[in-house]
(Lines give C-alpha, C1' and ligand atoms only; values in the text may rest on other atoms or scores of the structure.)
Protein backbone atom coordinates (compact mmCIF):
# COMPACT_ATOMS: atom_id res chain seq x y z
CA UNK A 1 0.00 0.00 0.00
CA UNK A 2 1.54 3.27 -1.09
CA UNK A 3 1.33 6.00 1.52
CA UNK A 4 2.70 8.90 -0.48
CA UNK A 5 0.80 12.16 -0.13
CA UNK A 6 -0.68 11.38 3.29
CA UNK A 7 0.56 11.84 6.84
CA UNK A 8 1.22 8.45 8.39
CA UNK A 9 1.60 7.90 12.11
CA UNK A 10 3.48 4.72 12.95
CA UNK A 11 2.40 3.66 16.43
CA UNK A 12 4.47 0.85 17.90
CA UNK A 13 2.57 -0.10 21.02
CA UNK A 14 5.15 -2.73 21.97
CA UNK A 15 8.69 -2.64 20.67
CA UNK A 16 10.45 -5.98 20.86
CA UNK A 17 14.13 -5.12 21.15
CA UNK A 18 14.54 -1.41 21.81
CA UNK A 19 17.02 -0.72 24.56
CA UNK A 20 15.92 0.65 26.91
CA UNK A 21 12.54 -0.96 26.41
CA UNK A 22 9.82 1.50 25.46
CA UNK A 23 6.12 0.68 25.67
CA UNK A 24 4.90 3.22 23.13
CA UNK A 25 6.94 4.92 20.44
CA UNK A 26 5.47 7.05 17.70
CA UNK A 27 7.01 8.08 14.42
CA UNK A 28 5.68 9.80 11.35
CA UNK A 29 6.69 8.47 7.94
CA UNK A 30 7.78 11.27 5.64
CA UNK A 31 9.43 10.56 2.28
CA UNK A 32 10.19 7.00 3.35
CA UNK A 33 12.00 7.87 6.59
CA UNK A 34 11.11 8.12 10.27
CA UNK A 35 10.29 11.61 11.53
CA UNK A 36 9.11 13.13 14.80
CA UNK A 37 5.30 13.13 15.07
CA UNK A 38 3.74 16.44 14.00
CA UNK A 39 0.07 17.32 13.72
CA UNK A 40 -2.81 14.89 13.25
CA UNK A 41 -2.10 11.88 11.00
CA UNK A 42 -4.30 10.73 8.14
CA UNK A 43 -3.42 7.06 8.74
CA UNK A 44 -2.26 5.13 11.79
CA UNK A 45 -0.42 1.82 11.41
CA UNK A 46 1.22 -0.62 13.77
CA UNK A 47 -1.19 -0.36 16.66
CA UNK A 48 -1.41 -3.51 18.78
CA UNK A 49 1.58 -5.16 17.11
CA UNK A 50 5.11 -6.08 18.12
CA UNK A 51 7.67 -4.34 15.93
CA UNK A 52 11.15 -5.21 14.72
CA UNK A 53 13.23 -3.17 12.25
CA UNK A 54 13.21 -6.13 9.85
CA UNK A 55 14.80 -9.57 9.62
CA UNK A 56 18.35 -10.17 8.39
CA UNK A 57 19.69 -13.12 6.40
CA UNK A 58 23.42 -12.87 7.10
CA UNK A 59 24.51 -15.80 4.93
CA UNK A 60 22.40 -15.75 1.82
CA UNK A 61 22.87 -16.95 -1.74
CA UNK A 62 20.21 -15.21 -3.79
CA UNK A 63 21.47 -16.90 -6.95
CA UNK A 64 19.91 -20.28 -6.04
CA UNK A 65 18.04 -22.30 -3.42
CA UNK A 66 20.47 -25.22 -3.56
CA UNK A 67 24.10 -25.71 -4.52
CA UNK A 68 23.57 -26.57 -8.19
CA UNK A 69 27.05 -25.57 -9.45
CA UNK A 70 25.42 -23.33 -12.07
CA UNK A 71 25.44 -19.58 -12.74
CA UNK A 72 22.52 -17.82 -11.12
CA UNK A 73 19.30 -17.02 -12.95
CA UNK A 74 18.60 -13.32 -12.47
CA UNK A 75 14.83 -13.66 -12.80
CA UNK A 76 14.69 -16.34 -10.12
CA UNK A 77 16.99 -14.35 -7.87
CA UNK A 78 14.75 -11.30 -8.23
CA UNK A 79 11.80 -13.44 -7.18
CA UNK A 80 13.69 -14.61 -4.10
CA UNK A 81 14.54 -11.04 -3.16
CA UNK A 82 10.90 -10.00 -3.41
CA UNK A 83 9.76 -13.04 -1.42
CA UNK A 84 12.31 -12.24 1.25
CA UNK A 85 10.90 -8.75 1.66
CA UNK A 86 7.37 -10.13 1.90
CA UNK A 87 8.64 -12.36 4.74
CA UNK A 88 9.99 -9.33 6.59
CA UNK A 89 13.64 -9.54 5.52
CA UNK A 90 14.95 -6.02 5.00
CA UNK A 91 18.68 -6.85 4.84
CA UNK A 92 20.48 -9.62 2.96
CA UNK A 93 24.20 -10.29 3.29
CA UNK A 94 24.90 -12.42 0.23
CA UNK A 95 28.10 -14.43 0.59
CA UNK A 96 28.86 -14.91 -3.08
CA UNK A 97 28.39 -17.40 -5.89
CA UNK A 98 30.08 -18.52 -9.07
CA UNK A 99 28.99 -15.19 -10.58
CA UNK A 100 27.65 -11.79 -9.51
CA UNK A 101 23.93 -12.55 -9.69
CA UNK A 102 23.21 -11.07 -6.26
CA UNK A 103 24.91 -7.81 -7.20
CA UNK A 104 22.73 -7.65 -10.30
CA UNK A 105 19.56 -8.10 -8.23
CA UNK A 106 20.32 -4.92 -6.35
CA UNK A 107 20.52 -2.93 -9.58
CA UNK A 108 17.55 -4.67 -11.23
CA UNK A 109 15.04 -3.71 -8.51
CA UNK A 110 14.36 -0.40 -6.85
CA UNK A 111 15.22 -0.34 -3.13
CA UNK A 112 11.51 -0.26 -2.26
CA UNK A 113 10.99 -3.61 -4.01
CA UNK A 114 13.72 -5.59 -2.24
CA UNK A 115 15.76 -5.80 0.93
CA UNK A 116 19.02 -3.94 1.23
CA UNK A 117 21.62 -6.23 -0.37
CA UNK A 118 25.30 -6.32 0.55
CA UNK A 119 26.90 -8.93 -1.67
CA UNK A 120 30.16 -10.68 -2.44
CA UNK A 121 31.02 -11.36 -6.05
CA UNK A 122 32.68 -14.62 -7.07
CA UNK A 123 33.79 -16.85 -4.22
CA UNK A 124 37.56 -17.23 -3.92
CA UNK A 125 39.25 -20.59 -3.37
CA UNK A 126 42.31 -22.50 -4.59
CA UNK A 127 42.69 -25.48 -6.88
CA UNK A 128 41.03 -28.51 -5.25
CA UNK A 129 39.88 -26.19 -2.49
CA UNK A 130 36.13 -26.35 -3.16
CA UNK A 131 33.68 -27.87 -5.64
CA UNK A 132 35.59 -28.02 -8.95
CA UNK A 133 34.86 -25.17 -11.33
CA UNK A 134 32.44 -23.37 -9.04
CA UNK A 135 34.69 -20.78 -7.44
CA UNK A 136 37.32 -18.46 -8.82
CA UNK A 137 40.40 -20.62 -8.26
CA UNK A 138 43.55 -18.63 -7.52
CA UNK A 139 47.11 -19.18 -6.41
CA UNK A 140 46.99 -18.49 -2.65
CA UNK A 141 49.85 -16.02 -2.98
CA UNK A 142 47.58 -13.86 -5.15
CA UNK A 143 44.69 -13.64 -2.70
CA UNK A 144 45.20 -9.93 -1.97
CA UNK A 145 44.94 -8.98 -5.63
CA UNK A 146 41.92 -11.25 -6.11
CA UNK A 147 40.28 -9.76 -3.00
CA UNK A 148 40.68 -6.28 -4.44
CA UNK A 149 39.14 -7.36 -7.74
CA UNK A 150 36.21 -9.14 -6.11
CA UNK A 151 35.61 -6.24 -3.75
CA UNK A 152 35.27 -4.03 -6.82
CA UNK A 153 32.92 -6.53 -8.47
CA UNK A 154 30.80 -7.04 -5.36
CA UNK A 155 28.99 -4.68 -3.06
CA UNK A 156 30.55 -4.76 0.35
CA UNK A 157 31.88 -8.30 0.77
CA UNK A 158 34.60 -10.70 -0.34
CA UNK A 159 34.09 -14.42 0.33
CA UNK A 160 36.92 -16.92 0.84
CA UNK A 161 36.81 -20.70 1.20
CA UNK A 162 39.16 -21.20 4.11
CA UNK A 163 39.36 -24.98 4.15
CA UNK A 164 38.11 -27.99 2.27
CA UNK A 165 38.49 -31.78 2.65
CA UNK A 166 40.90 -33.60 0.34
CA UNK A 167 40.32 -37.28 -0.35
CA UNK A 168 42.26 -39.44 2.07
CA UNK A 169 43.55 -36.42 3.97
CA UNK A 170 40.58 -34.62 5.46
CA UNK A 171 40.12 -30.85 5.82
CA UNK A 172 43.03 -28.77 4.56
CA UNK A 173 43.59 -25.01 4.89
CA UNK A 174 43.50 -23.12 1.59
CA UNK A 175 45.37 -20.05 2.83
CA UNK A 176 47.94 -19.21 5.50
CA UNK A 177 47.22 -16.70 8.23
CA UNK A 178 49.48 -14.14 6.52
CA UNK A 179 47.63 -14.63 3.24
CA UNK A 180 44.28 -14.15 4.99
CA UNK A 181 45.57 -10.96 6.59
CA UNK A 182 46.66 -9.65 3.19
CA UNK A 183 43.17 -10.34 1.83
CA UNK A 184 41.60 -8.42 4.72
CA UNK A 185 43.91 -5.46 4.17
CA UNK A 186 43.18 -5.40 0.43
CA UNK A 187 39.41 -5.76 0.87
CA UNK A 188 39.27 -3.03 3.50
CA UNK A 189 41.21 -0.70 1.22
CA UNK A 190 38.51 -1.32 -1.39
CA UNK A 191 35.70 -0.69 1.10
CA UNK A 192 34.70 -4.32 1.66
CA UNK A 193 34.56 -6.85 4.48
CA UNK A 194 35.80 -10.44 4.27
CA UNK A 195 33.79 -13.56 5.13
CA UNK A 196 35.36 -17.00 5.34
CA UNK A 197 33.90 -20.49 5.06
CA UNK A 198 35.54 -22.74 7.64
CA UNK A 199 34.53 -26.11 9.01
CA UNK A 200 38.02 -27.39 9.94
CA UNK A 201 39.85 -27.25 13.25
CA UNK A 202 42.78 -24.91 12.67
CA UNK A 203 41.44 -22.34 10.23
CA UNK A 204 39.01 -20.43 12.52
CA UNK A 205 41.83 -19.34 14.82
CA UNK A 206 43.96 -18.22 11.87
CA UNK A 207 41.01 -16.35 10.38
CA UNK A 208 40.27 -14.50 13.61
CA UNK A 209 43.95 -13.65 14.08
CA UNK A 210 44.08 -12.37 10.48
CA UNK A 211 41.20 -9.95 11.11
CA UNK A 212 38.50 -11.67 9.04
CA UNK A 213 35.25 -9.80 9.61
CA UNK A 214 32.74 -12.68 9.51
CA UNK A 215 33.27 -16.34 10.33
CA UNK A 216 30.86 -18.54 8.36
CA UNK A 217 30.05 -21.87 10.07
CA UNK A 218 33.10 -21.72 12.38
CA UNK A 219 32.52 -25.10 13.99
CA UNK A 220 35.89 -25.14 15.71
CA UNK A 221 36.24 -21.63 17.03
CA UNK A 222 37.81 -21.55 20.50
CA UNK A 223 37.02 -19.49 23.59
CA UNK A 224 40.08 -17.37 22.81
CA UNK A 225 38.82 -16.87 19.26
CA UNK A 226 35.41 -15.60 20.32
CA UNK A 227 37.06 -13.32 22.85
CA UNK A 228 39.28 -11.81 20.16
CA UNK A 229 36.43 -11.62 17.65
CA UNK A 230 34.16 -9.94 20.18
CA UNK A 231 36.81 -7.41 21.12
CA UNK A 232 36.59 -6.01 17.60
CA UNK A 233 32.81 -6.56 17.22
CA UNK A 234 33.27 -9.28 14.61
CA UNK A 235 30.53 -11.48 13.17
CA UNK A 236 29.87 -15.20 13.45
CA UNK A 237 27.22 -16.85 11.26
CA UNK A 238 27.07 -20.49 12.46
CA UNK A 239 24.41 -21.62 9.93
CA UNK A 240 23.28 -24.44 12.20
CA UNK A 241 20.61 -25.74 9.82
CA UNK A 242 23.27 -26.02 7.10
CA UNK A 243 25.49 -28.00 9.48
CA UNK A 244 22.54 -30.26 10.34
CA UNK A 245 21.89 -30.86 6.66
CA UNK A 246 25.53 -31.60 5.87
CA UNK A 247 25.72 -34.13 8.70
CA UNK A 248 22.65 -35.85 7.28
CA UNK A 249 24.21 -35.89 3.80
CA UNK A 250 27.52 -37.32 5.01
CA UNK A 251 25.92 -39.80 7.36
CA UNK A 252 25.99 -39.64 11.14
CA UNK A 253 28.46 -42.52 11.37
CA UNK A 254 30.84 -41.28 8.69
CA UNK A 255 34.16 -39.65 9.56
CA UNK A 256 32.92 -36.33 8.16
CA UNK A 257 29.62 -36.64 9.98
CA UNK A 258 31.35 -37.34 13.28
CA UNK A 259 33.64 -34.35 12.79
CA UNK A 260 30.71 -32.02 12.13
CA UNK A 261 28.76 -33.41 15.08
CA UNK A 262 31.73 -32.58 17.28
CA UNK A 263 31.79 -29.11 15.76
CA UNK A 264 28.07 -28.67 16.32
CA UNK A 265 28.52 -29.48 20.00
CA UNK A 266 31.27 -26.86 20.11
CA UNK A 267 28.96 -24.29 18.54
CA UNK A 268 26.35 -25.01 21.21
CA UNK A 269 28.96 -24.56 23.95
CA UNK A 270 30.38 -21.33 22.52
CA UNK A 271 27.29 -19.42 21.41
CA UNK A 272 26.44 -17.85 24.79
CA UNK A 273 30.13 -17.11 25.41
CA UNK A 274 30.43 -15.41 22.03
CA UNK A 275 27.51 -13.10 22.70
CA UNK A 276 28.86 -12.29 26.15
CA UNK A 277 32.20 -11.46 24.51
CA UNK A 278 30.57 -8.99 22.10
CA UNK A 279 30.48 -11.11 18.95
CA UNK A 280 27.61 -10.37 16.60
CA UNK A 281 26.08 -13.85 16.30
CA UNK A 282 23.89 -13.77 13.18
CA UNK A 283 21.34 -16.01 11.47
CA UNK A 284 21.91 -17.16 7.89
CA UNK A 285 20.09 -19.56 5.58
CA UNK A 286 23.01 -20.79 3.39
CA UNK A 287 20.77 -22.54 0.85
CA UNK A 288 18.49 -24.12 3.44
CA UNK A 289 15.51 -22.66 1.68
CA UNK A 290 15.83 -19.03 0.65
CA UNK A 291 16.24 -15.74 2.56
CA UNK A 292 12.49 -15.80 3.21
CA UNK A 293 13.14 -18.80 5.49
CA UNK A 294 15.71 -17.18 7.78
CA UNK A 295 13.32 -17.26 10.75
CA UNK A 296 13.87 -21.03 10.81
CA UNK A 297 17.56 -20.50 11.55
CA UNK A 298 16.68 -18.21 14.46
CA UNK A 299 14.39 -20.91 15.82
CA UNK A 300 17.23 -23.45 15.50
CA UNK A 301 19.63 -21.09 17.27
CA UNK A 302 17.12 -20.91 20.10
CA UNK A 303 17.09 -24.71 20.31
CA UNK A 304 20.89 -24.95 20.44
CA UNK A 305 21.56 -22.65 23.33
CA UNK A 306 20.58 -19.04 22.74
CA UNK A 307 17.88 -17.42 24.81
CA UNK A 308 14.75 -16.35 22.96
CA UNK A 309 15.86 -12.74 23.07
CA UNK A 310 19.35 -13.61 21.80
CA UNK A 311 17.91 -15.66 18.94
CA UNK A 312 15.61 -12.82 17.92
CA UNK A 313 18.54 -10.41 18.13
CA UNK A 314 20.55 -12.74 15.87
CA UNK A 315 17.99 -12.55 13.08
CA UNK A 316 17.31 -8.85 13.29
CA UNK A 317 18.94 -6.09 15.32
CA UNK A 318 22.43 -7.60 15.51
CA UNK A 319 22.72 -7.76 11.73
CA UNK A 320 21.91 -4.08 11.38
CA UNK A 321 24.35 -3.04 14.08
CA UNK A 322 27.11 -5.30 12.74
CA UNK A 323 26.90 -3.58 9.36
CA UNK A 324 26.65 -0.05 10.72
CA UNK A 325 22.93 0.39 10.14
CA UNK A 326 20.18 1.86 12.27
CA UNK A 327 18.49 -0.75 14.41
CA UNK A 328 16.06 1.05 16.72
CA UNK A 329 13.73 3.10 14.51
CA UNK A 330 16.03 6.09 14.78
CA UNK A 331 14.82 9.39 13.40
CA UNK A 332 15.80 10.25 9.80
CA UNK A 333 16.53 6.61 8.91
CA UNK A 334 14.69 4.33 6.49
CA UNK A 335 11.13 3.65 7.60
CA UNK A 336 11.42 -0.15 7.76
CA UNK A 337 9.56 -2.45 10.14
CA UNK A 338 8.16 -5.95 10.36
CA UNK A 339 5.09 -6.32 12.58
CA UNK A 340 3.85 -9.35 14.51
CA UNK A 341 0.68 -10.12 16.43
CA UNK A 342 2.70 -11.68 19.28
CA UNK A 343 6.01 -10.94 20.93
CA UNK A 344 8.61 -13.14 19.17
CA UNK A 345 10.57 -13.38 22.41
CA UNK A 346 7.60 -15.15 23.98
CA UNK A 347 6.79 -17.18 20.86
CA UNK A 348 9.73 -17.29 18.48
CA UNK A 349 7.70 -19.25 15.91
CA UNK A 350 5.76 -16.04 15.13
CA UNK A 351 8.86 -14.79 13.26
CA UNK A 352 7.69 -16.98 10.39
CA UNK A 353 4.35 -15.19 10.13
CA UNK A 354 4.64 -11.40 10.03
CA UNK A 355 1.37 -9.52 10.00
CA UNK A 356 2.75 -6.79 7.74
CA UNK A 357 5.99 -5.26 6.51
CA UNK A 358 6.86 -1.60 6.13
CA UNK A 359 9.60 -0.93 3.58
CA UNK A 360 10.82 2.63 3.14
CA UNK A 361 7.43 3.90 4.25
CA UNK A 362 5.24 1.62 2.09
CA UNK A 363 3.12 -1.07 3.75
CA UNK A 364 3.24 -4.45 2.01
Enumeration of residues in the range 223-265 that are more than 21 Å from the chain's Cα centre (by Cα) and closer than 24 Å to residue 312 by Cα: 223, 265
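Of all residues being assigned to a loop (DSSP other than H, G, I, E, B) and free of Cβ contacts under 8 Å to residues at least 60 places away in the same chain in the range 235-264, which is surrounded by the fewest Cβ atoms within 10 Å (Cβ to Cβ)? Just the residue, please. Walk me through how you get there before you give the answer.
Start the filter on the range 235-264 by keeping residues that are assigned to a loop (DSSP other than H, G, I, E, B), which leaves 238-239, 251-254.
Next cut, free of Cβ contacts under 8 Å to residues at least 60 places away in the same chain only: 251-254.
Working: 251: 11, 252: 10, 253: 8, 254: 12.
So, considering only residues that are assigned to a loop (DSSP other than H, G, I, E, B) and free of Cβ contacts under 8 Å to residues at least 60 places away in the same chain, the one surrounded by the fewest Cβ atoms within 10 Å (Cβ to Cβ) is 253.
In the set 324, 284, 289, which member is without any contact (Cβ under 8 Å) to a residue 12 or more places away in the chain and assigned to a loop (DSSP other than H, G, I, E, B)? Full working, then the answer.
Numbers: 284 fails: without any contact (Cβ under 8 Å) to a residue 12 or more places away in the chain; 289 fails: without any contact (Cβ under 8 Å) to a residue 12 or more places away in the chain.
Exactly one residue qualifies, and that residue is 324.
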Filter result (in contact with a strand residue (DSSP E or B) (Cβ under 7 Å, 6 or more places away or on another chain) and more than 15 Å from residue 216 (Cα to Cα)) within the range 278-293: 291, 292
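Do we find that residue 129 is in the same structural domain as residue 298 (by TED's automatic domain parsing), modelled with pLDDT of 95 or more, farther than 21 Å from residue 298 by Cα and surrounded by fewer than 22 Cβ atoms within 10 Å (Cβ to Cβ) in this structure? Quick ask: steps written out before the conclusion?
Details: in the same structural domain as residue 298 (by TED's automatic domain parsing): yes; modelled with pLDDT of 95 or more: yes; farther than 21 Å from residue 298 by Cα: yes; surrounded by fewer than 22 Cβ atoms within 10 Å (Cβ to Cβ): no.
Answer is no for this residue.
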Residues that are crowded, with 24+ Cβ neighbours inside 10 Å and more than 19 Å from residue 189 (Cα to Cα), drawn from the range 220-234: 221, 225, 226, 229
Selection within the range 137-164 - touching a residue at least 12 places away in the same chain (Cβ under 8 Å) and farther than 27 Å from residue 56 by Cα: 137, 138, 139, 140, 141, 143, 144, 145, 146, 164
Total residues in the range 330-364, condition touching a strand residue (DSSP E or B) at 6+ places or on another chain (Cβ under 7 Å), more than 20 Å from residue 116 (Cα to Cα) and part of a loop (DSSP other than H, G, I, E, B): 4
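When the residues of the range 15-35 are narrowed to those that are at pLDDT 80 or above and part of a loop (DSSP other than H, G, I, E, B), which ends up surrounded by the fewest Cβ atoms within 10 Å (Cβ to Cβ)?
Let us first name the residues in the range 15-35 that are at pLDDT 80 or above, namely 27-35.
Adding the requirement that they be part of a loop (DSSP other than H, G, I, E, B) leaves 31-32.
Numbers: 31: 9, 32: 17.
Step by step, filter the range 15-35, then rank; the result is 31.
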Residue in the range 173-181 that is closer than 22 Å to residue 268 by Cα and surrounded by 24 or more Cβ atoms within 10 Å (Cβ to Cβ) present: no
Residues within the range 36-53 that are in contact with a helix residue (DSSP H, G or I) (Cβ under 8 Å, 6 or more places away or on another chain) and in a loop (DSSP other than H, G, I, E, B), tallied: 1
Output for the range 307-321, where each listed residue is surrounded by 22 or more Cβ atoms within 10 Å (Cβ to Cβ) and outside any helix (DSSP H, G or I): 315, 316
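Every residue, every condition in (1) closer than 30 Å to residue 358 by Cβ; (2) not in a helix (DSSP H, G or I), yes or no:
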| site | (1), (2) |
| --- | --- |
| 104 | yes, no |
| 127 | no, yes |
| 131 | no, yes |
| 134 | no, yes |
| 144 | no, no |
| 152 | no, no |
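Just the residues that are part of a loop (DSSP other than H, G, I, E, B), in contact with a helix residue (DSSP H, G or I) (Cβ under 6 Å, 6 or more places away or on another chain) and surrounded by fewer than 23 Cβ atoms within 10 Å (Cβ to Cβ), please, taken from the range 59-86. Don't jump to the end; show me each part of the working.
Restricting attention to the range 59-86, the residues satisfying the condition of being part of a loop (DSSP other than H, G, I, E, B) are 61-73.
When the remaining residues are screened for being in contact with a helix residue (DSSP H, G or I) (Cβ under 6 Å, 6 or more places away or on another chain), the result is 62-63, 72.
Matches in the range 59-86: 72 only.
Identify the residue in the range 271-281 that is under 19 Å from the mean Cα position of the chain (by Cα) and assigned to a helix (DSSP H, G or I) and, among all such residues, is farthest from residue 61 (Cα to Cα).
Going residue by residue through the range 271-281, those that are under 19 Å from the mean Cα position of the chain (by Cα) are 271-272, 274-275, 278-281.
The next check asks that each one be assigned to a helix (DSSP H, G or I); those that pass are 271-272, 274-275.
Values: 271: 24, 272: 27, 274: 25, 275: 25 Å.
Once the filter is applied, the top-ranked residue is 272.
The values are calculated or read from the model by the stated rules, or taken from the named source; none is laboratory data. This is a predicted model, so every value here is computed, not measured. So basically every Cβ, Gly included, is an ideal-geometry build from the backbone, and we count neighbours across all protein chains shown.
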